[in-house]
């Protein structure tokens, strides 16, 4: 077996889960943690006390607070952090990225202001060519991955050989990765589904049932597919794991932070109150306006995203948001 090594930045919930997948697949993993106590706990007790504290991590998984040490000789750089923080963090780490290191983005959001996807930020900041930047997108909830429950993912890269290298590095008995060349479709599917999950959560918080959920998921998928196709993606990608798969998982599970944020809004909390009650970053909240700007720039109609963006900026009430969606003129489904 070919020896492989990966540096995972950082030690959050999803980063830790993917670090475990990589280690279970036989890849040597170094996690970059911002806090010394997290790195020490991973190294000495094989636990991440901040996330998944009850799950034992593989012995081949180590941690450090030194980005240069984490990246030294790494075949893969796995990035897991809020998209809005990526540019600044990556600028500091870029000098330590090796000339052949492949970047794996786990991020699902659109950068505010620039409208860039995570892979575009990586190439812009580091100068790394697009054929060395991959995207892992999937219907994966971190807690279920940590428990070893069966799951699958799509790994997208313009270069098929690079995608296959990442695929080999994270293929385990419980985690089945597929490959794709449609980076745009995978990234937009992952970003838009967070906004739709907010809408589903709001509906649940307001006491609405399965009919409303099904409507929002189905029409949300239509929005994501329209935008992705307008930006050059293949519509079939949105019918796969990175599209409808991720959308269903995020909209259906109480483990989803975007859905949970929406539930709080639906129960009457303000955006500020919901943010204060949420421990982790909610990408849909940060990306909704940027996604809407992309839609407008490409002439794409995204009514759910439009209403959620207005609601997040407190331009409409819950009642007005519901009315805005339900009172739209009737039209053919396709």
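The values are calculated or read from the model by the stated rules, or taken from the named source; none is laboratory data. Because the structure is predicted, anything quoted here is derived from the model rather than measured. A quick note on method: Cβ atoms are made from the backbone with ideal geometry, for glycine too, and the neighbour counts reach across all protein chains shown.
The set of residues in the range 48-62 being within 23 Å of the chain's Cα centre (by Cα) and surrounded by fewer than 17 Cβ atoms within 10 Å (Cβ to Cβ) consists of 49, 50, 53. Considering 65, 30, the condition of being farther than 27 Å from residue 151 by Cβ and either modelled with pLDDT under 95 or assigned by TED's automatic domain parsing to the domain that holds residue 137 (or both) is satisfied by 65 alone.
Looking at 292, 325, 255, 247, which is the one that is in contact with a helix residue (DSSP H, G or I) (Cβ under 9 Å, 6 or more places away or on another chain), part of a helix (DSSP H, G or I) and modelled with pLDDT under 90? Only one candidate qualifies: 325. Does residue 163 fit the bill of being buried (at least 24 other Cβ atoms within 10 Å of the Cβ), in contact (Cβ under 8 Å) with a residue 24 or more places away in the chain and part of a helix (DSSP H, G or I)? Yes; evaluated as a whole, the condition is true for this residue.
Has the range 217-240 got at least one residue that is closer than 19 Å to residue 79 by Cα, in contact (Cβ under 8 Å) with a residue 40 or more places away in the chain and in contact with a strand residue (DSSP E or B) (Cβ under 9 Å, 6 or more places away or on another chain)? Among the residues of the range 217-240, not one is closer than 19 Å to residue 79 by Cα, in contact (Cβ under 8 Å) with a residue 40 or more places away in the chain and in contact with a strand residue (DSSP E or B) (Cβ under 9 Å, 6 or more places away or on another chain), which makes the answer no. Of all residues in the range 75-94, exactly one satisfies the criterion of being within 17 Å of residue 129 (Cβ to Cβ) and either outside the structural domain of residue 21 (by TED's automatic domain parsing) or surrounded by fewer than 19 Cβ atoms within 10 Å (Cβ to Cβ) (or both), namely 94. Of all the numbered requirements in (1) in a loop (DSSP other than H, G, I, E, B); (2) more than 24 Å from residue 15 (Cβ to Cβ), residue 278 misses one, and that requirement is (2).
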